[in-house]
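Okay, structure first, notes after.
The values are calculated or read from the model by the stated rules, or taken from the named source; none is laboratory data. Small disclaimer: the values here were computed from a predicted structure and weren't measured. Positions of Cβ are backbone-derived with ideal geometry, glycine not excepted, and every protein chain shown enters the neighbour counts. Accessible surface is based on the protein model in full, side chains and every heavy atom, while ligands, DNA and RNA are left aside. Shrake-Rupley method; radii C 1.70, N 1.55, O 1.52, S 1.80 Å.
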2 protein chains.
Amino acid sequence: MPRQDAARGAALKIFRAALKAADPYDAVLRHLRVPDRFENIYVIGAGKASARMAQAVERLLGKRVTGGLINVKYGHTAPLRRIELNECGHPIPDENGLRGAKRILDIARQAGPKDLVIAVISGGASALLPYPLPPMTLEQKQRLTGKLLRCGANIHEMNTVRKHISAIKGGRLAEAAAPAKVLALILSDVIGDDLDVIGSGPTVPDRSTTADAERILRHYGIKVPPLTETPKPSDPVFKHVRNVIVGSNALAVSAAEREAKRLGYRTLVLSTFIEGETRDVAGVHAAIVKEVLASGRPVRRPACIISGGETTVTIRGTGSGGRNQEFALAAAIDIAGLEKVTVFSGGTDGTDGPTDAAGAIADGKTVARGRELGLDADECLANNDSYQFFESLGDLVKTGPTGTNVADIRLLLID
Amino acid sequence: MPRQDAARGAALKIFRAALKAADPYDAVLRHLRVPDRFENIYVIGAGKASARMAQAVERLLGKRVTGGLINVKYGHTAPLRRIELNECGHPIPDENGLRGAKRILDIARQAGPKDLVIAVISGGASALLPYPLPPMTLEQKQRLTGKLLRCGANIHEMNTVRKHISAIKGGRLAEAAAPAKVLALILSDVIGDDLDVIGSGPTVPDRSTTADAERILRHYGIKVPPLTETPKPSDPVFKHVRNVIVGSNALAVSAAEREAKRLGYRTLVLSTFIEGETRDVAGVHAAIVKEVLASGRPVRRPACIISGGETTVTIRGTGSGGRNQEFALAAAIDIAGLEKVTVFSGGTDGTDGPTDAAGAIADGKTVARGRELGLDADECLANNDSYQFFESLGDLVKTGPTGTNVADIRLLLID
């Protein structure tokens, strides 16, 4: 654990508050309220965190849950009583996934007008709900999406095609559940929380069309398979559908902000949309710290500046680390020598890059403390070796796997 | 000129307010107040903008100015009546500079206890005040600083060495003026306004020592010339010295903020310390815009977010442009399709990179408008070809050379 002083303790408390808001179980408990009027309540869904979400539904609704089934990644289970767990392949979909998706669609179809279908959707749902429209086989679908990936198609293009060759995505799951009411509880791992994108939107009206999908396939020179139109926003089906984001980077950031306020900080949420090369993003964060010290702008001390989203690292060296540790190291270099400044960055899944740490914590003395141990911060950064640097200093932050993923949380404390 | 709509007009008004605050003449008029008690007032100094600063001193003090001399870059003149102008070499110092520096030091030396010495210091003062301590010659000094540069010495190391081989830098000009009072009017072109750094601080106590200078020279394997100690902060000389920053990026940003408020915007000054790779810095700015649109954080609409400092561009292509135009282009790509968002970036010197534009303005339609003209924004960015892109759209912002330089101003308007 990192050296403890007041600011470091505060940063860890604030991060823990963010993790709690992102926890699949807690998130569902906080958001699920179901009126008494339904005859049956079915729980379906998919995602890496969906077992824990389903567990929370059972905890709240108990015997009111008639039954259901969710597709989860192998090993991503939780003890359930009334809802069946189906473990299947991720990130490569498999036959178990297909079987589960068919049964999930069947459960939705047989729900009646007095029933409620609760869908628990979390990151990974897209791969965990494979159901290509016959006559396309799972293998053919995988070849098609593989080709698209290799052509350099972006996530929006991928999803547009996926939705028009799927029996369950692009709003089709909600369509199947009509006339039952649908309540989708969504844990978002997508920057910007675009409902359309999360798990390819099985309960969300689709804004794209078969014409769009065809255009994309032709653009990349791929033979166009049979496509089927998805339900559109004007479709009356969606009058009975409510999509609720129960956990997201934005909600985690808001929880962090509440905790920081409780600890006496003036808070500023910079953005939950932060992307880009980690060290440059760190530079902009450090520039804001310097302004707070110089002029009390954009927020006066004691200040806690919070940002979310997820950065990238262009690997140039041979060291180990992750984007959060690299952020902390780059920021440590930029704030070296400054007093009363603490910087933290952590991944909400608890595993930053291929390491056992969630992130790291740094302050104005970090670079000097590294030097005393014979570690050159600039060299470590150039070698992408943030893990070794912070491990030697005892400033890694380890939470273990958290069972959730709503991207990263960065904190700048200026006391 | 760029297409006019309300937000674009507002952005240009806000930039003009920043330029006015950074104007050398206006800046001195705003900050110079001199009591009546002085027998003589001498005006000395150096810098690219110092002629205009001296002109403002003459305008305010008229015949109270006894005389003086300032070193300016060739062609950077202004009509003066009582203060002599000495044009000299920049960025390579020359013999004219040396002659002027000697006379400036003489003027300071002969000032008496009832006199005031006003020093007008602006960007370029370091090269424009060359006065190596004898027996070192100007040529020997240039060889030495050239060697340091080639070894990769940073600006702080350069200045530490420079101050200890100079007869005028590192506080020595103020030392020479004692027992006269000294009022230094400083136009800062340095991020963070470190007085020590601006023009190598001729009127500012030096925190570095000959030992520091020696250590740096030995580190780079350079033969150590005779070094002389500079006056330190505790030196009683500085009781009679006042250093006033009359213009700076921070003051320009504050003026921009006032104008934005006047136009009805909620303002947020992000930082005046912004550095780093332009396109990544633009990405963070765009992420903040998205957050404002999504949640009203960190500031609610109508919002004007202002940032200062100066970014860099790693040249990868063969196009033309500057850091401000590249910022606007990278931001345009990141905000493409967003409504009611306007982005501006401009250099306060009026010349962005090797172009005749100060910067450029963009909004959510910029990328689409480029496409209509056959210009691919991503390709232009990859080729560092922001000038052609914005010129074709008519969205360059041209002010002509402004005679000042307090780095850059960036504006994000979210209406």
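Laid out as a table, the results:
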{"item": "Cα gyration tensor shape of region B:339-391, rounded if a/c is under 1.5, else prolate or oblate by comparing a/b with b/c", "result": "oblate"}
{"item": "Furthest towards positive pole of dipole, B:A27, B:A7, B:L61, structure part chain B, Cβ charges", "result": "B:L61"}
{"item": "Estimated FRET transfer efficiency when R0 is 56 angstrom, pair A:K114-A:D356 (beta carbons, to 0.05)", "result": "0.70"}
{"item": "Euclidean distance of C-alpha centroids, region B:307-375 and region A:158-215, integer Å", "result": "35"}
{"item": "Where a label projected 7 Å from the Cα of B:E339 along Cα→Cβ would reach, residues of region B:369-401 with amide N under 19 Å", "result": "B:369"}
{"item": "Equivalent-ellipsoid semi-axes of region B:294-344, from the Cα gyration tensor, Å, largest first", "result": "26, 14, 8"}
{"item": "Cβ-based net charge around B:G347, under 13 Å, with every Lys or Arg adding one and every Asp or Glu removing one", "result": "-4"}
{"item": "Region A:23-247, accessible area per residue, ligands and nucleic acids excluded (1.4 Å, Å²)", "result": "43"}
{"item": "Size of region B:23-247 as Cα extents on the principal axes (Å, biggest first)", "result": "52, 38, 33"}
{"item": "Amide H contacts of B:G309 (H built 1.01 Å from N, under 5 Å, at least 5 apart or other chain)", "result": "B:I274, B:D408"}
{"item": "Number of partner chain Cβ atoms within 10 Å, mean per residue of A:290-298", "result": "6"}
{"item": "Dimensions in Å of region A:67-136 - Rg and Dmax from alpha carbons", "result": "12.3, 37"}
{"item": "A:I92 - accessible surface, heavy atoms, 1.4 Å probe, Å² rounded to 10", "result": "110"}
{"item": "Teacher prompt: B:L373 distances to equivalent labels in other copies, 7 Å Cα→Cβ, nm", "result": "5.4"}
{"item": "Share of carbon and sulfur in the accessible heavy-atom surface of the protein assembly as shown [1.4 Å probe, %]", "result": "51"}
{"item": "Overall form of region B:130-259 per C-alpha gyration tensor (a/c, 1.5; a/b vs b/c)", "result": "oblate"}
{"item": "Approximate spin-label separation B:R207-B:D194, in nm, with each point projected 7 Å along Cα-to-Cβ", "result": "0.8"}
{"item": "³J(HN,Hα), Karplus 6.51/-1.76/1.60, whole Hz, each residue of region B:338-346, x for Gly, Pro", "result": "6, 8, 6, 10, 10, 10, 9, 9, x"}
{"item": "Helical mean residue ellipticity (222 nm; -39500 (n - 2.57) per DSSP H run of 4+; nearest 500) of the protein assembly as shown", "result": "-11500 deg cm²/dmol"}
{"item": "For the pair B and A, total buried accessible area rounded to nearest 100 Å², probe 1.4 Å", "result": "1900"}
{"item": "Computed over chain A, the ratio Rg/Rh where both radii use C-alpha atoms and Rh is Kirkwood", "result": "1.02"}
{"item": "Within a Gaussian network of chain A (alpha carbon springs, distance under 10 Å), most fluctuating of A:P233, A:P205, A:P354", "result": "A:P354"}
{"item": "Nearest-to-axis residue of chain A, judged by beta-carbon position, where the axis maps A onto B, in Å", "result": "A:D280, 2"}
{"item": "Distances in nm from B:R109 to the matching label points in the other copies, shortest first (labels 7 Å along Cα to Cβ)", "result": "10.1"}
{"item": "Largest-first ordering by accessible area, 1.4 Å probe, given options A:K102, B:K223, B:K141, B:K20", "result": "B:K223, B:K20, A:K102, B:K141"}
{"item": "Estimated FRET transfer efficiency when R0 is 35 angstrom, pair B:V244-B:D5 (beta carbons, to 0.05)", "result": "0.30"}
{"item": "For chain A, built as a Gaussian network whose Cα springs stay under 10 Å, the top-fluctuating residue of A:S392, A:S234, A:S188", "result": "A:S234"}
{"item": "Sparse-neighbour loop sites [GluC sites (Glu not before Pro); region A:38-123; at most 15 other C-beta within 10 Å; DSSP]", "result": "A:E39"}
{"item": "Lysines with Cα under 30 Å of B:K141, excluding same-chain neighbours fewer than 8 positions away", "result": "B:K48, B:K73, B:K102, B:K163, B:K169, B:K223, B:K232"}
{"item": "Rotationally averaged projected area of region A:86-179 (alpha carbon convex hull; nm²)", "result": "6.1"}
{"item": "Overall form of region A:2-149 per C-alpha gyration tensor (a/c, 1.5; a/b vs b/c)", "result": "oblate"}
{"item": "Cα-derived Rg over Rh, computed across region B:313-372 with Rh taken as Kirkwood radius", "result": "0.99"}
{"item": "Local net charge near A:T209, Cβ-Cβ under 15 Å (Lys/Arg +1, Asp/Glu -1)", "result": "+1"}
{"item": "Cβ-defined net charge surrounding B:D94, 14 Å radius [Lys, Arg +1; Asp, Glu -1]", "result": "+1"}
{"item": "Area accessible to solvent at B:K114, 1.4 Å probe radius, in Å²", "result": "130"}
{"item": "Shielding by other protein chains, A:265-272, mean Cβ within 10 Å", "result": "5"}
{"item": "For region A:218-234, 3J(HN,Hα) per residue [Karplus equation, 6.51 cos²θ - 1.76 cosθ + 1.60, θ = phi - 60°, Hz, x = Gly/Pro]", "result": "5, 4, 8, x, 9, 4, 7, x, x, 10, 10, 5, 8, x, 9, x, 7"}
{"item": "Per-peptide average of other Cβ atoms within 10 Å, ordering A:133-139, B:266-272 highest first", "result": "B:266-272, A:133-139"}
{"item": "Longest segment of chain B lacking chymotrypsin sites (Phe, Trp or Tyr not before Pro) that sit in a DSSP loop with at most 16 other Cβ atoms within 10 Å", "result": "B:221-415"}
{"item": "Estimated distance in nm for a label pair at A:R33 and B:T314, the labels positioned 7 Å out from Cα along Cα-to-Cβ", "result": "5.1"}
{"item": "Calculated P(r) tail over 37 Å for the protein assembly as shown, as whole % of Cα pairs", "result": "53"}
{"item": "Between region B:231-296 and region B:38-89, the alpha-carbon center distance in angstrom", "result": "29"}
{"item": "Shortest-first distances to equivalent copies, position A:T314, nm, label 7 Å out along Cβ", "result": "0.3"}
{"item": "For region A:18-26, Karplus couplings with θ = phi - 60° (6.51, -1.76, 1.60), whole Hz, Gly/Pro x", "result": "5, 4, 5, 5, 8, 5, x, 5, 4"}
{"item": "Cα coordinate range in region B:271-367, projected on the principal axes (Å, largest first)", "result": "39, 28, 22"}
{"item": "Fluctuation leader among B:L129, B:L217, B:L19 - chain B, Gaussian network, Cα springs under 10 angstrom", "result": "B:L217"}
{"item": "Among beta bridges that DSSP assigns inside chain A, antiparallel share in %, nearest 5", "result": "35"}
{"item": "Of B:K20/B:K340; B:K181/B:K239; B:K13/B:K398; A:K290/A:K365; B:K20/B:K398, those spanning more than 18 Å from alpha-carbon to alpha-carbon", "result": "B:K20/B:K340"}
{"item": "Residues in region B:71-86 that a label on B:D106 would reach, taking backbone N under 16 Å of a point 7 Å out along Cα→Cβ", "result": "B:71, B:84-86"}
